[in-house]
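Engineer: Structure below; questions to follow.
The values are calculated or read from the model by the stated rules, or taken from the named source; none is laboratory data. The structure presented is a predicted model; accordingly, all values stated were derived computationally and were not measured. Heads up, the Cβs are rebuilt from the backbone with ideal geometry, glycines too, and the neighbour counts pull from every protein chain shown. These area figures cover heavy atoms from the full protein model, side chains too; ligands, DNA and RNA do not enter into them. Shrake-Rupley method; radii C 1.70, N 1.55, O 1.52, S 1.80 Å.
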Amino acid sequence: MHLYRTHNCGEISATDENSQVKISGWVHRKRDHGSLVFVDLRDHFGLTQCVIDTSDSAFSIVESLRNESVVTITGIVKKRSDDTINKNLATGEIEVAIADIIVQSAADTLPLQVNSDEDAGEETRLRYRYLDLRRSRPHQNIVLRGQIIQSIRNRMIELGFTEFQTPILTASSPEGARDFLVPARLHPGKFYALPQAPQQFKQLVMMSGFDKYFQIAPCFRDEDSRADRSPGEFYQLDLEMSFVEQADVFAAVEPVIKGVFEEFSERKIDPDFVHISYADSMLKYGNDKPDLRIPIEIGDVTDVFAGSDFSIFAKNIEKGAVVRAIPGPKCGSRAIADRMNSWAQSEGAPGLGYIIFGEDEARGPVAKALGQEKSNEIKTRLNLENGDAVFFACAAMDDAASLAGRARIRIGTEQKLIDETLFKFCWIVDFPMFEKDEQTGKIEFSHNPFSMPQGGMDALDTQDPLDIKAWQYDLVCNGIELSSGAIRNHLPDVMYRAFDIAGYGPEVVDEKFPAMIGAFKFGAPPHGGIAPGIDRMVMLIAEEPNIREIILFPMNGKAEDLMMSAPSLVDDKQLNELHIRKAIIQPKTPQ
RNA sequence: GGGGGUGUAGCUCAGUUGGUUAGAGCGCUGGCCUGUCACGCCAGAGGCCGCGGGUUCGAGUCCCGUCACUCCCGCCA
């Protein structure tokens with residue numbers, strides 16, 4: 001007989017009746033009846049009830065076991081009597097009568113309860129992640145993640161993509177996120193960087209003559225975390241294709257994403273991946289990652305307020321402000337309007353104007369100043385009905401759009417307008433190629449310096465840089481940015497010119513991007529791609545609100561691994577080898 | 001870097017207008033119990049109320065500071 005097991009804890013059934021089995025696992029729970037003890041033994045596969053009474057010599061061992069101890073049990077499979085069958089358990093028709101038990105590893109008193117559905121605090125869960133992961137939901141989430149990645153891999157290979165591995169130690173690149181740096185022992189004073197994404201590598205794969213690239217790629221960015229953004233590292237389904245236009249990339253990616261969501265989620269999936277221009281999205285939804293489950297569209301009503309008797313807005317408009325109107329379906333009550341107003345103030349806005357549409361008139365201070373006629377014009381333009389309200393954000397364009405967007409989400413959430421059983425995808429297209437830094441006034445790449453400008457060289461030469469759009473797109477699902485991609489530039493002249501507009505001379509391009517610019521000069525295929533975030537996909541499918549729930553060993557919000565105690569101090573010897581000396585500025589705690 | 005929330009037993013949490021000895025469930029220790037499956041019953045141990053300062057006759061509770069965790073803004077081409 002095998003040293004540890006003949007069966008796992010999820011597979012013994014009534015057909016095994018009277019046979020001798022050996023199973024190993026963790027003591028999930030004990031029910032001690034004095035002269036009779038039940039032990040639920042758990043492993044990765046399931047739960048099996050084992051039973052022993054005082055007539056057996058192993059009884060005292062079983063009685064003294066603490067939860068989560070690891071044991072090996074040998075015994076005979078017994079069919080349970082009809083009145084003791086547990087229908088909630090796959091193995092509920094049988095139990096194992098314990099003949100022998102070996103304690104493989106005894107457990108101390110636990111810092112968190114594995115057999116409970118109740119979450120412990122984050123800090124405890126992360127420090128003892130190996131215990132947390134024994135619990136059903138975290139365990140299932142990680143299994144799901146593995147299955148999703150396998151499905152993605154199969155689908156990509158099916159579509160003719162080849163999987164590549166790109167370097168983890170590479171060169172730091174300007175722009176973008178903060179790099180993680182790795183000192184180069186053999187080159188004093190020089191550093192490798194961990195890749196923020198395999199962006200240049202995947203383009204170079206295309207220039208190396210491979211046609212379709214993909215990778216489940218680790219990406220490293222030294223930026224602060226969020227609920228949907230893990231600190232430090234995350235994974236992308238990175239892909240790139242040669243000789244394609246935007247529509248070809250969409251056509252390749254849509255079925256993969258749709259297929260994976262359909263395969264692993266019970267939720268409905270809207271099959272229509274609508275295309276929304278960046279400009280439209282900013283106007284109608286107030287951001288570039290709209291949650292289309294919220295049935296509210298923002299409108300511009302600057303012209304209605306311009307020169308009106310509502311002087312606060314009218315004066316701001318003269319100074320260049322715009323007014324965005326956010327419909328509030330069935331929000332026509334003073335209480336809701338006041339609540340929205342104080343919410344806006346808590347968000348740092350001066351307030352949120354509103355009009356309430358009653359049975360026969362438009363009410364509220366704004367309506368009073370604006371007059372019934374103009375109020376009704378807004379009502380008509382935004383398709384509002386009696387009992388609805390409309391809220392106003394008046395500010396400089398970007399600020400007004402942002403506040404209106406947040407108000408739209410607030411209304412959608414508060415009024416329970418979001419269908420939680422639905423996934424709604426959309427493509428955001430036509431991103432601007434450049435944008436102006438508000439502080440410095442400098443023109444910068446708005447997304448990715450390697451994107452192809454719409455109109456190519458001609459656009460760069462003839463258009464206002466801020467008017468130029470790029471073949472740049474995002475895939476958004478339920479208000480979460482899943483993916484970013486672009487048709488890339490493959491022409492050296494366009495690269496030099498684009499960087500020139502952003503204030504970088506040709507020498508900068510040659511020095512910082514020698515591989516790219518070099519490859520462009522030796523025959524580069526037109527190409528494009530995209531990189532959906534694996535973690536966010538799993539998060540959506542697992543219906544978890546926090547990205548840590550679907551990461552095996554996540555770091556906390558301050559980018560610390562509490563389980564491994566990373567980051568940590570290192571020996572001076574290590575530092576010396578790396579030609580590194582610490583120069584800590586104002587240490588918070590003396591070390 | 002900035003703002004909000006939280007911090008009480010090993011874990012999850014309650015704790016009134018400031019008032020005597022800070023509670024519950026789970027877990028832990030001991031006892032009873034032969035058909036439970038979140039077993040039940042009895043008893044017990046376990047607390048720098050995050051930390052420091054202040055107000056007060058008296059602080060878990062009020063004030064100031066600080067630390068930790070968390071959410072958000074900034075940041076994330």
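Engineer: With an 8 Å Cα cut-off and a minimum separation of 6 or more residues, compute the relative contact order for the range A:1-143 in percent. It would help to have the intermediate numbers written out before the result.
Structural biologist: Working: 280 pairs, mean separation 31.9, N = 143.
Result for the range A:1-143 is 22 percent.
Engineer: Once the Cα atoms of helix A:136-158 and of chain A are each reduced to a long axis, what angle between those two axes, in degrees from 0 to 90 to the nearest 10, is obtained?
Structural biologist: Once rounded, the angle reads 60 degrees.
Engineer: Please sort A:38-50, A:106-118 by packing, taking for each peptide the average over its residues of neighbouring beta carbons within 10 angstrom, highest first. Write down the numbers at each step before the final one.
Structural biologist: On the way: A:38-50: 20.6, A:106-118: 12.6.
Going from most to least packed, we get A:38-50, A:106-118.
Engineer: Using every Cα-Cα pair within the range A:434-547, state what percent have a distance larger than 23 Å.
Structural biologist: Working: 2601 of 6441 pairs.
Distances greater than 23 Å cover 40 percent of the Cα pairs.
Engineer: I'd like to compare A:534-541, A:205-212, A:572-579, A:282-289: which one has the highest average count of other Cβ atoms within 10 Å, and what's the full order after that?
Structural biologist: In descending order of packing, they fall as A:534-541, A:282-289, A:205-212, A:572-579.
Engineer: Run the dipole for the range A:333-375 about the Cα centre, Lys and Arg Cβ at +1, Asp and Glu Cβ at -1, nothing else charged, and hand back the magnitude in debye, nearest 20. Mind showing how you got there, number by number?
Structural biologist: On the way: 5 positive and 6 negative charges, 26 e Å.
It works out to roughly 120 debye.
Engineer: Using alpha-carbon positions, what is the distance between the centroids of the range A:84-117 and the range A:1-50, in Å?
Structural biologist: After rounding, the separation between the Cα centres reads 7 Å.
Engineer: May I ask you to list the lysines whose Cα is less than 17 Å away from that of A:Lys573, ignoring any residue fewer than eight positions away on the same chain?
Structural biologist: A:Lys582
Engineer: Grab the DSSP H runs of chain A that are 4 residues or longer, score each as -39,500 (n - 2.57), total them, divide by all residues and round the 222 nm result to the nearest 500 deg cm²/dmol. Don't skip to the answer; put the middle values down first.
Structural biologist: Numbers: 19 runs with 180 residues, N = 591.
Theoretical 222 nm ellipticity from helices: -9000 deg cm²/dmol.
Engineer: If you line up the long axis of helix A:246-264 against the longest principal axis of chain A, both from Cα atoms, how many degrees apart are they, to the nearest 10?
Structural biologist: 30
Engineer: With Cβ to Cβ distances under 15 Å as the rule, what net charge do the other residues near A:Phe191 carry (K, R +1; D, E -1)?
Structural biologist: Details: positive: A:Arg178, A:Arg185, A:Lys190, A:Lys512, A:Arg581; negative: A:Asp179, A:Asp222, A:Glu577.
Result for the neighbourhood of A:Phe191: +2.
Engineer: Under 25 °C and 0.890 mPa s, how fast does the range A:305-390 diffuse according to Stokes-Einstein, given a Kirkwood radius computed over C-alpha pairs? Answer in µm²/s, whole number.
Structural biologist: 187
Engineer: Which residues in the range A:495-513 place their backbone N less than 19 Å from a point set 7 Å from the Cα of A:Lys521 along the Cα-to-Cβ direction?
Structural biologist: Under 19 Å, as judged by backbone N against the label point of A:Lys521, lie A:495-500, A:504-513 of the range A:495-513.
Engineer: Are there trypsin sites (Lys or Arg not before Pro) in the range A:322-389 that DSSP marks as loop and that have at most 14 other Cβ atoms within 10 Å, and which are they?
Structural biologist: Numbers: sites: A:Arg324, A:Lys330, A:Arg334, A:Arg339, A:Arg363, A:Lys368, A:Lys374, A:Lys379, A:Arg381; in loops: A:Lys330.
Answer by residue number: A:Lys330.
Engineer: Any lysines with Cα under 16 Å of the A:Lys558 Cα? List them, leaving off those in the same chain fewer than 8 positions away.
Structural biologist: Output for A:Lys558: A:Lys588.
Engineer: Check the straight Cα-Cα distances from A:Lys330 and name the lysines below 28 Å, setting aside those fewer than 8 residues away within the same chain.
Structural biologist: Reachable lysines: A:Lys268, A:Lys284, A:Lys289, A:Lys368, A:Lys374, A:Lys379, A:Lys416, A:Lys424.
Engineer: Toward the positive end of the charge dipole of chain A, about the Cα centre and with charges on Cβ (Lys, Arg +1; Asp, Glu -1), which of A:Ile312, A:Phe391, A:Val114 goes farthest?
Structural biologist: Going by the Cα projections, it comes out as A:Val114.
Engineer: How big is D for the range A:23-86, in µm² s⁻¹ as a whole number, if Stokes-Einstein is applied with the Kirkwood radius of its Cα pairs at 20 °C and 1.002 mPa s?
Structural biologist: Details: Rh = 12.2 Å.
The estimated diffusion coefficient comes to 175 µm²/s.
Engineer: Evaluate E = 1/(1 + (r/R0)^6) for A:Glu297 and A:Ser35, where r is the Cβ-Cβ distance and R0 equals 41 Å; express this FRET efficiency to the nearest 0.05.
Structural biologist: E(calc), rounded to 0.05, equals 0.05.
Engineer: Can I ask one more? Rounding to the nearest 20 debye, state how big the charge dipole of chain A is about its Cα centre with +1 on each Lys and Arg Cβ and -1 on each Asp and Glu Cβ.
Structural biologist: About 1000 debye.
Engineer: Then there is this: Starting from the alpha-carbon convex hull of chain A, give the projected area averaged over all orientations, in nm². Could the numbers behind the result be given before it?
Structural biologist: Details: hull surface 149.5 nm².
The directionally averaged projection comes out at 37.4 nm².
Engineer: Would you report the distance distribution of C-alpha pairs in the range A:72-166 as whole percents per 10 angstrom bin, up to the bin with the largest distance?
Structural biologist: Bin by bin from 0 Å, the calculated values are 12, 21, 28, 24, 12, 3.
Engineer: Using 23 Å as the Cα-Cα cut-off, could you pick out the over-long pairs in A:Lys22/A:Lys79; A:Lys190/A:Lys442; A:Lys30/A:Lys78; A:Lys30/A:Lys79?
Structural biologist: On the way: A:Lys22/A:Lys79 16 Å; A:Lys190/A:Lys442 30 Å; A:Lys30/A:Lys78 18 Å; A:Lys30/A:Lys79 20 Å.
Violating the 23 Å limit, Cα to Cα: A:Lys190/A:Lys442.
Engineer: What would the Debye formula give as log10 I(q)/I(0) at q = 0.12, 0.17 Å⁻¹ for the alpha-carbon point model of the range A:374-493, no solvent?
Structural biologist: So the normalised log intensities are -0.68, -1.04.
Engineer: Enter the angle in degrees (range 0 to 90, nearest 10) between the Cα long axis of helix A:334-346 and the first principal axis of the Cα atoms of chain A, meaning the one along which they spread out most.
Structural biologist: 90
Engineer: I'd like the antiparallel share, as a percent to the nearest 5, of DSSP beta bridges with both residues in chain A. Intermediate values should be presented prior to the final figure.
Structural biologist: Values: 86 of 96 bridges.
In chain A, DSSP labels about 90 percent of beta bridges as antiparallel.
Engineer: Taking only Cα atoms of the range A:138-255, what ratio of Rg to Rh do you get with Rh as the Kirkwood inverse-distance radius? Walk me through the intermediate numbers first.
Structural biologist: On the way: Rg = 16.4 Å, Rh = 16.2 Å.
Dividing the radius of gyration by the Kirkwood radius yields 1.01.
Engineer: Something else now. Please give the per residue accessible area of chain A, computed with a probe of 1.4 Å over protein heavy atoms only, in Å².
Structural biologist: Numbers: 29700 Å² over 591 residues.
Result: 50 Å² per residue.
Engineer: What dipole magnitude, in Debye to the nearest 20, does the range A:455-551 give about its Cα centre under +1 on Lys/Arg Cβ and -1 on Asp/Glu Cβ?
Structural biologist: Details: 7 positive and 15 negative charges, 54 e Å.
Taking the Cα centre of the range A:455-551 as origin, the dipole is about 260 debye.
Engineer: Let me ask another. Tally Lys/Arg at +1 and Asp/Glu at -1 over every other residue whose Cβ is under 12 Å from the Cβ of A:Ala367; what's the total?
Structural biologist: Working: positive: A:Arg363, A:Lys368, A:Lys374, A:Lys379; negative: A:Asp309, A:Glu361, A:Glu373, A:Glu377.
Net of charged neighbours comes to 0.
Engineer: Which one of A:Ile336, A:Gly10, A:Ile418 is farthest out on the positive end of the charge dipole of chain A, using unit charges on Cβ (Lys, Arg +1; Asp, Glu -1) and the Cα centre as origin?
Structural biologist: A:Gly10
Engineer: Dipole of the range A:329-487 (Lys/Arg Cβ +1, Asp/Glu Cβ -1, origin at the Cα centre): which of A:Asn448, A:Ala407, A:Thr462 lies farthest to the positive side?
Structural biologist: Result: A:Ala407, furthest along the dipole toward the positive end.
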